[in-house]
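What follows draws every value from the coordinates through simple rules; no lab data is involved. These figures come from a predicted structure and were not determined experimentally. Don't worry about glycine lacking a Cβ; one is built from the backbone with ideal geometry, like all the others, and counts go over all protein chains shown.
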Amino acid sequence: MAYVFYNPNPMNNRVGDCSVRAISKALNTDWTTAYVGLSAEGLAVFDMPSANYVWGLYLRKHGFKEHMVPSVCPNCITVSQFANEHPNGIYVLATQNHVVCVQDGNIYDSWDSSDEVVLYYFAKEI
């Protein structure tokens, strides 16, 4: 497992767009395409593009399936532990206040979110 700096934001912004960054990595697309897709999804359900419900719908439409994990410690799992236990595949993880992409055991983010506790995740179905 390794943390890999990833920030596709054209202005190098690092706050408020974590769902866009994570989804751009998970879908192998640029920031603008992910943002527009999430915005259209949000408009369709009259909610914000960054709402968990909205980006979850968007991922489902792109072949991802939602999974729950224990979120109460001592049985909780951190982003780092998740990455170590998932050396293959594409995942979008939700924490209390953040969204991050784990791909093939690596954490792709604009900051090292390794210690965040995972609440649930989406996995790309093959």
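Dipole of the stretch 11-126, Cα-centred, from +1 at each Lys and Arg C-beta and -1 at each Asp and Glu C-beta, to the nearest 20 debye?
Details: 7 positive and 12 negative charges, 49 e Å.
Taking the Cα centre of the stretch 11-126 as origin, the dipole is about 240 debye.
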Cβ-based exposure ranking for THR29, THR95, in which fewest neighbours within 10 Å come first: THR29, THR95
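Report the FRET efficiency, 1/(1 + (r/R0)^6), for GLU85 and GLU125, where r is their Cβ-Cβ distance and R0 is 25 Å, rounded to 0.05.
Values: r = 18 Å, r/R0 = 0.73.
The formula returns an efficiency of 0.85 here.
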How do CYS18, CYS76 rank when sorted from fewest to most other Cβ atoms within 10 Å of their own Cβ? CYS76, CYS18
Which of the helices in the chain meet the span-like rule: DSSP H, Cα axial reach of 18 Å or more, Kyte-Doolittle mean at least -0.5? 31-45
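When the chain is fully extended, how far beyond the present Cα-Cα distance does MET11 get from VAL36, taking 0.36 nm per residue of separation?
Working: separation 25, 0.36 × 25 = 9.00 nm, distance 1.59 nm.
Extra length from MET11 to VAL36 when fully extended: 7.4 nm.
Listing ILE90, ILE23 from the residue with the fewest other Cβ atoms within 10 Å to the one with the most, what is the order?
On the way: ILE90 21, ILE23 27.
Least to most surrounded, the residues fall as ILE90, ILE23.
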Charges on Cβ only, +1 for Lys and Arg, -1 for Asp and Glu, centred on the Cα centroid of the chain; of VAL54, VAL99, VAL15, which one is farthest towards the dipole's positive end? VAL54
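Counting only other residues whose beta carbon sits under 14 Å from that of ASN84, what net charge do I get with K and R as +1, D and E as -1?
Working: positive: none; negative: GLU85, ASP104, ASP115.
Net charge in that neighbourhood comes out at -3.
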Summed residue charge, Cβ within 9 Å of PHE64's Cβ, Lys/Arg positive, Asp/Glu negative: +2
